[in-house]
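The values are calculated or read from the model by the stated rules, or taken from the named source; none is laboratory data. Because the structure is a prediction, the values reported are computed rather than measured. All Cβ positions, even for glycine, are placed from backbone atoms using ideal geometry, and neighbour counts span all protein chains on display. Side chains are part of the model used for accessible areas, which takes the heavy atoms of the whole protein and leaves out ligands, DNA and RNA. Shrake-Rupley method; radii C 1.70, N 1.55, O 1.52, S 1.80 Å.
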Amino acid sequence: MLIYDFETFKHDTLLGVLNEETGEVIQTWSIPEIKTLANKQLSNIWIGYNCEHYDKILLHGIWSGKLTTPDKVYACSNSVIGAQDADIPVFNVLGKHNITDYYSSPILSYDVMGDGSFMSLKQNEGFMGMDIVESVVPFDLDRPLTEEEKRDVEKYNRADLYGTLERFKQRKNSFRTKMLLVKEFGLPINYICKTNAKLTEAILLSQNKGMNTRLRKNFQLCDLPVNWEVPELKTIYDFFIGALKELEKHKWDTKKCDKKKLSMDLDILGVTHTFALGGVHGGIKNYICRPEDKKKIIWVDVSSLYPNILTKWDLLSRQVDKNGCIAFAGMVQTRMDIKKKLHDPSLTKEEKKELKDQAARYKLILNTTSGCMKDKFKKLYDPEYNTKMCMLGQLSLMDLVFRLRDVKRKPKPAWARNELEINSEGSYFKLIQSNTDGIALELLTDDAEDLIDKVCAEWEKDWRFSLEKTVADNLYEKDVNNYVFKDSDGKVKVKGAYVTKYDDNEQDTLAILAKAVVNYFIEGKDIRSTICNSENLATDYQMIKKLGNMYDTPTWKREYGDVEVQKVNRIFPSTDPKNGGLYKHKKSKDADVLDKVEGTPEHVLIYNKDIRGKKIGELDDIDYEWYVEEAQKRINDFLGIKPEKKTKRKKKEV
């Protein structure tokens, strides 16, 4: 496999290629050599970053003889970049460069940028702790490059090749998953280079045989096993019917719809819930339960909710026929079976790996399908069924909540009730939160868990779903989208922007704050103990900041004068007063007007060198107090402690 990257100038074109297996790097400024190399390596897989919408176009144009000179390559490059900036489909501009056969190109090019990613390669290099190297040679030079400038561009290009390689290593499992899917379903080899969406629709639609009778189906929400006598459930149903009418009226274009008709707030057992097209969300703000409180929390989650809705209720896109539905249902069931099998202690490492590989490739299909159903440019487009899928999920979850509320219980005599049961006024649980595919409950009585298990079992039969139960004696919840807890098996679970970096290092920025917050709540560890440790990795403390297209002239304020820096920078808070802040200039403002980059300290250290493996104690003048204050703010937000209002001093009259 070959890692590749282009650098284009009006009079010069550079292609850099890194052999993933041997580590050999080839860099050439000759377009004939590039064409020869492309011909020679036509059977190989070319790997790039955002290459599907840039590098592959240039490589194909040179290989096919359409881009024969540097100025033609440069013109095509500008057209492609301009189309992306203007949010215009790239294929709209290829015709003017005679590249009409791009989408039938024999070049196998895998884009490591990934589906739905908007991070630049420089940002990812920063997240990984690598050198953040930007070219000092302007790309719009109207003259040939000097030899010295070429060497600088080669250095920049080489850094991007290694950055792409490291990103590929991070995402190699995704590549492997696509390879296995292509092999399993007998697809052409070039399908490993397709997006998740194109691969998914190709697999599902390849199962179609003969006339598709599902095209005439029309699923109705009123046929669901819901107790419509419950006023809240009927209110939710009426809201959904109104939302469907609004969507149908505007041909499923949500931008044209009245937003008030697509969202509704409703009180469910004392907790405000928001019902919308994407799911239901509701939770108690600042809910804190510690182990010493001696409470029991139960999480009840629907296993693979959306894939199961699509199969159990026949809501898969009507573009897929019965055979495709059977294949999809088989993937859903196989993946659920694998999750159970993986708990078998007798499995060997090889058996576990094989099962995980199979689960991963089916997960790609299952998780991509619903997104395709709401994208009008996809062959699986079926917005009505996708919307009804989300609505069914919300109704099923709320039906479970009210079944739990209304279950008949054998009353205890007054003398047998504990204090908690007396204060609960007959309720045996407290609803903490509902979130798309699951609910969290605080148990109030000794018989609560048995009652919940019984109701859940009946609900599973009626709704054709499987529920997973998680038990904990703690929960630290800022709101429905930000919480931390440790389950009865000792596994720490986190959700939300405040804490997600605790166990996710793919985009490593300020991970130390998430770790400090989680350690504080779960381990009772003082935040200074987590933060003020010179042995911690420096990448846990970094902030990666990138200038947007509306800005230029990134400026580091320093005691001896302003320093213009790169567009992407790695920064740390600094105790050195000589180091000022990081500023930017909005193109629409006067040249001397600079704005401070949001979310950055007053004094920063900019350090764009490689910090992989480096300890934070190896960097000078790091302001640990800044991290302590930021972590404390997050903890206070969990606890519901509002910041003190700063009193404004009255201006003295002169």
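Some points to look at:
- The portion of the accessible surface of segment 173-220 made up by carbon and sulfur, rounded to a whole percent, is 53 (1.4 Å probe; DNA, RNA and ligands excluded).
- Against the rule of thumb 2.2 N^0.38 Å, how large the Cα Rg of segment 505-632 comes out: 1.12
- If you plug the beta carbon distance of residue 152 and residue 258 into 1/(1 + (r/R0)^6) with R0 = 35 Å, you get a FRET efficiency near 0.05.
- Estimated inter-spin distance, residue 591 and residue 216, nm [label 7 Å along Cα→Cβ]: 7.3 nm
- Qualifying GluC sites (Glu not before Pro) in segment 178-278, DSSP loop, other Cβ atoms within 10 Å at most 14: 229
- If only the Cβ of Lys and Arg carry +1 and only the Cβ of Asp and Glu carry -1, the dipole of the chain around its Cα centre is close to 1660 debye.
- Listed residues 192, 534, 145: farthest to the positive end of the dipole of the chain (Cβ charges): 192
- Once you reduce segment 467-487 and segment 508-580 to the center of their Cα atoms, the two points are 29 Å from each other.
- C-alpha long axis of helix 624-639 to longest principal axis of the chain, angle in °: 30 degrees
- Site pair residue 618 and residue 120 shows an inter-label distance of 2.6 nm when each label is modelled 7 Å from Cα along Cα→Cβ.
- Protein heavy-atom accessible surface, 1.4 Å probe, per residue over segment 24-172: 46 Å².
- Karplus-derived 3J(HN,Hα), 6.51/-1.76/1.60, for each residue of segment 245-251, Hz, glycine and proline x: 5, 5, 5, 5, 4, 9, 6
- For residue 603, the residues whose modelled amide H falls within less than 5 Å of its own, excluding neighbours fewer than 5 places apart on the same chain, are 574.
- Gyration tensor (alpha-carbon) shape descriptor, segment 58-108, a/c threshold 1.5: oblate
- Derived scalar couplings between HN and Hα for segment 560-572 equal 8, x, 5, 10, 6, 10, 6, 6, 10, 9, 9, 10, 9 Hz in order, rounded to whole Hz, by the Karplus curve 6.51 cos²θ - 1.76 cosθ + 1.60 (θ = phi - 60°), x for Gly and Pro.
- On the beta carbon distance between residue 353 and residue 266, with R0 = 41 Å, the FRET formula returns roughly 0.35.
- Inter-probe distance in nm under a simple model that places probes 7 Å from Cα toward Cβ, at residue 104 and residue 576: 6.0 nm
- Averaging the Cα positions of each part gives two centres, and for segment 11-47 and segment 277-292 these lie 53 Å apart.
- Within the accessible area of segment 236-301 (1.4 Å probe), percent carbon and sulfur: 50 percent
- The mean sequence distance of close C-alpha pairs (under 8 Å, at least 6 residues apart), as a share of the length of segment 100-170, puts its relative contact order at 37 percent.
- Across 363/567; 169/312; 296/461, pairs whose alpha-carbon gap is larger than 30 Å: 363/567; 169/312
- With every protein chain in place and a 1.4 angstrom probe, the accessible-area ranking of 565, 73, largest first, reads 565, 73.
- Segment 266-403, relative contact order [Cα under 8 Å, separation at least 6], %: 29 percent
- Å² of accessible area per residue within segment 561-654, as computed with a 1.4 Å probe and no ligands counted: 68 Å²
- Projecting the Cα atoms of 611, 484, 164 onto the charge dipole of the chain (Cβ charges, centred on the Cα centre) puts 484 farthest toward the positive pole.
- Mean separation of Cα contacts under 8 Å, 6 or more apart, over the residue count of the chain: relative contact order %: 12 percent
- The trypsin sites (Lys or Arg not before Pro) of segment 222-312 meeting both criteria, a DSSP state outside H, G, I, E and B (loop) and at most 11 other C-beta atoms within 10 angstrom of the site's C-beta, are 251, 294.
- Positive end of the dipole of segment 153-249 (Cβ unit charges, origin at the Cα centre): among 219, 173, 244, the Cα lying farthest that way belongs to 173.
- Accessible area of residue 626 (1.4 Å probe, protein heavy atoms only, ligands and nucleic acids ignored): about 40 Å².
- Matching label, Cα extents along the principal axes in Å computed from the structure shown, candidates [x] 93, 82, 62; [y] 80, 70, 49; [z] 81, 59, 47: [x]
- Under the Karplus curve 6.51 cos²θ - 1.76 cosθ + 1.60, θ = phi - 60°, whole-Hz ³J(HN,Hα) for segment 516-529, x wherever Gly or Pro sits: 5, 5, 5, 4, 5, 7, 7, 9, x, 8, 4, 4, 5, 5
- Against the empirical curve 2.2 N^0.38 Å, the C-alpha radius of gyration of segment 459-574 lands at a ratio of 1.50.
- Summing Cβ point charges (Lys, Arg +1; Asp, Glu -1) relative to the Cα centre of segment 180-251 gives a dipole of roughly 520 debye.
- Carbon and sulfur %, accessible surface of segment 524-636 computed with the full protein complex present, 1.4 Å: 44 percent
- Neighbour cut-off at most 11 other Cβ (10 Å), DSSP loop, chymotrypsin sites (Phe, Trp or Tyr not before Pro), segment 180-242: 228
- Residue 39/residue 327 FRET efficiency (R0 45 Å; Cβ-Cβ; nearest 0.05): 0.70
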